[in-house]
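Quick one: this structure, given as structure tokens, is what I'll be asking you about.
Values in this text are rule-based calculations from the coordinates and carry no lab data. All figures in this text were calculated on a predicted structure; none of them were measured in a lab. Note that each Cβ is placed from the backbone with ideal geometry, even for glycine, and that neighbours are counted across all protein chains shown.
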Amino acid sequence: MGQSLRTHTCGELRASHVGERVALAGWVHRRRDHGHLTFIDLRDRYGITQVVTSADDGPQAHAAADPARGEWVVRVEGGVRHRPEGTANPELATGEIEVAVDRFEVLNASKVPPFYINEEQPGLDESLRLKHRYLDLRRPPVQERMLLRSRLASAIRRALEDEGFVEIETPSLIRSTPEGARDFVVPSRLRPGEFYALPQSPQVLKQLLMVAGYDRYYQLARAWRDEDLRGDRQPEHTQVDIEMSFVTEEDVLDTVERMVTRVAGEVLPDRPLLHQPFPRLTYEEAMDRYGSDKPDIRFGMELVELTDAVAGVDFRVFSEPIAAGGRVRAICAPGCAGYSRKQLDELTDLARRHGAAGLVHLAVGDDGALSGPAAKFLDASVQEAISQQTGSGPGDLLLIVADADPIRGAEALGHLRLEMGDRLGLRTPGVLAYLWIRRFPMFTWDAEGQRWDATHNPFSAPVWEELDRMESDPGSVHAQQYDLVLNGWESGGGSIRIHRREVLERAFALMGHTLESARDQFGALLDALEYGAPPHGGIAIGLDRWAALYAEVDNIREVMAFPKTQSGTDLMLDAPSPIGPEQLDELHLRVMRDD
């Protein structure tokens, strides 16, 4: 590799190197003393090589290695040889060989680490890991995830550049604009009392690049959002930001799908794509079939409509929601008819936590008859209709939700579906199940604010054939908006944009913005749309979430080098932290304390 301290990495040597003299450097991963022999597993990010010192063949090197312990940084020189017969380690790429050391040098000693680097510790306190993140990042499983993320980013760049995209950086200090979450703001020393904002996304900037004629733009963009955190959110994150000009929705989806398919093949060649091309569902279809706008399609168990089948039943749990315009739907859990009362109560609690008033459960007996508290309200013809429509058979369990709000009921049942998918082992690991969700409602009614709001963002274009209904019937208008879903996670979202000023101003007005406030917040974009803005659209895909899904971890902190805690703090650097009075004076700031 050209470095003066080593000729090879710790993952490089093979049987073909036997007889060569080499130099290695790395961390002591494990040490085993056998008196006149000392075996050390030497580790770097490339792998592990066994090195051996001998009191007989290399007494000086053997003595120099005597104090070395775990995580000491050392350098060795010696000859590569085959391991003795019967001692090869097939789990290591270097397992056929070892290095007989005749020179051993300690480059730096190490304190005893606060946790093991060389083995997994189930239940290891995350706060301890993040406090000493530089040590946590040394651990091989963590390094594997970070290297996977690096390969992913490289593959994305190659795929987009081969599609003709140009990488352009946009600034991190911009004007504060309403984009759905709170901004992080930065005070200006030169403009007292004024503030920059860190961008929640480069949305306006990438649209301005389309106006500027850069018809295929991308960047791996840093973005900041001051919002409550959870497993798939951090105050700062990276998104694969893409925008294209002179395109339709179909063009964007096709281009992104080609990129994603190529990246999967390069980064995870052993993990199959479940569907090619990716399925495409409208928002309404996804909610009707899966009770989710980000469905996991690695398994079936789709929602089944039972409203008509139970419409005449004298059972208030069904009849009252139906009378209020609601719906009755079910899922069929195969082989679960024998669920205990405790298990059924757990499912009922889950349904209630997700908004359902309750849960009706019916078990299918060996004779096909339905049993359960609600079965007495269902005559034979209704039971037969339910069995036929759900496709259920002996031993199955039907879980039914009735709700006056069809969306709320569908979502509750969708969460039950995922729970049963986990319990039955149906969410197949290793498979990549991509799909597109399209045609979201453009506007949603904000009851608290008594106004319409954008479902996605105010820049998404309506389905052009529905534009005339934007003011007269906003709730019926769909956006040319689309989400890319992977294994039940929303991995990215985008839209065709509004490229005409008068249409964007109409959308702002519908959402309660005055012309003056729209100009104040989005003046640059509104002005730019009057200078020959082309039709354009794009997508932003969360790189952290993408990497987490590829690494098969549930938390994006596991694929970020230096993440924050759930409360948004950096335990390693002790941030955020107070700043001194001189700095506050310089920025014309004063700290107001609640007490």
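I'd like the antiparallel share, as a percent to the nearest 5, of DSSP beta bridges with both residues in the chain.
Taking every DSSP beta bridge with both residues in the chain, the antiparallel ones total about 90 percent.
What length, rounded to one decimal in nm, is gained on full extension from residue 91 through to residue 173, with 0.36 nm per residue of separation minus their alpha-carbon distance?
Taking residue 91 through residue 173 to full extension adds about 24.6 nm, to one decimal.
Same structure again: Quickly rank 572-580, 260-268 as a protection proxy: mean count of other C-beta atoms within 10 Å, highest first.
With the highest mean Cβ count within 10 Å placed first, the list reads 260-268, 572-580.
Let me ask something else about it. Based on the mean of other beta carbon atoms within 10 Å per residue, what is the order of 422-429, 587-594, 460-467, 195-202, most packed first?
195-202, 460-467, 422-429, 587-594
Something else: Amide H to amide H under 5 Å from residue 292: which residues, 5+ apart in sequence or cross-chain, H placed 1.01 Å off N in plane?
Hits under the 5 Å cutoff: 287.
Okay, helix-only estimate at 222 nm for the chain: each DSSP H run of n ≥ 4 adds -39500 (n - 2.57), divide by all residues, round to 500 deg cm²/dmol; what do you get?
-8500 deg cm²/dmol, from helical runs alone.
With both partners inside region 15-108, how many of the DSSP beta bridges are antiparallel, as a percent to the nearest 5?
95
Just to confirm the number: angle between the C-alpha axis of helix 140-162 and the first principal axis of the chain, 0 to 90 degrees, nearest 10?
That works out to roughly 60 degrees.
In whole Å, what is the distance between the alpha-carbon centres of region 314-340 and region 392-443?
14
What's the ranking of 246-259, 332-345 by average number of surrounding C-beta atoms within 10 Å, highest first?
246-259, 332-345
Run through region 457-559 and list the trypsin sites (Lys or Arg not before Pro) located in a DSSP loop whose Cβ has at most 15 other Cβ atoms within 10 Å.
Passing both the DSSP loop test and the Cβ count: 500.
While we're here: What FRET efficiency would be calculated for the residue pair residue 577, residue 220, taking the C-beta separation as r and a Förster radius of 30 Å, to the nearest 0.05?
Step by step, r from the Cβ atoms, then E = 0.60.
I've got another one for you. With a cap of 16 neighbouring Cβ atoms within 10 Å, and only residues DSSP puts in a loop, list the trypsin sites (Lys or Arg not before Pro) found in region 77-145.
111
Taking the dipole about the Cα centre of the chain, with the C-beta of Lys and Arg at +1 and of Asp and Glu at -1, give me whichever of 188, 350, 381 is farthest to the positive side.
Farthest along the dipole direction, towards plus: 188.
In nm, to one decimal, how far is the residue 69 label point from the residue 464 one, both placed 7 Å along Cα→Cβ?
For residue 69 paired with residue 464, the spin-label model returns 7.2 nm.
I've got another one for you. Could you work out how far helix 249-267 tilts from the main Cα principal axis of the chain, as a 0 to 90 degree angle to the nearest 10?
Computed tilt is about 30 degrees.
Compute the long axis of helix 515-528 from its Cα atoms, compare it with the longest principal axis of the Cα atoms of the chain, and write down the angle in degrees, 0 to 90, nearest 10.
60
Take the alpha carbon gyration tensor of region 378-456, find the square roots of its eigenvalues, order them as a ≥ b ≥ c, and report rounded if a/c is under 1.5; if not, report prolate when a/b exceeds b/c, else oblate.
Verdict is oblate for region 378-456.
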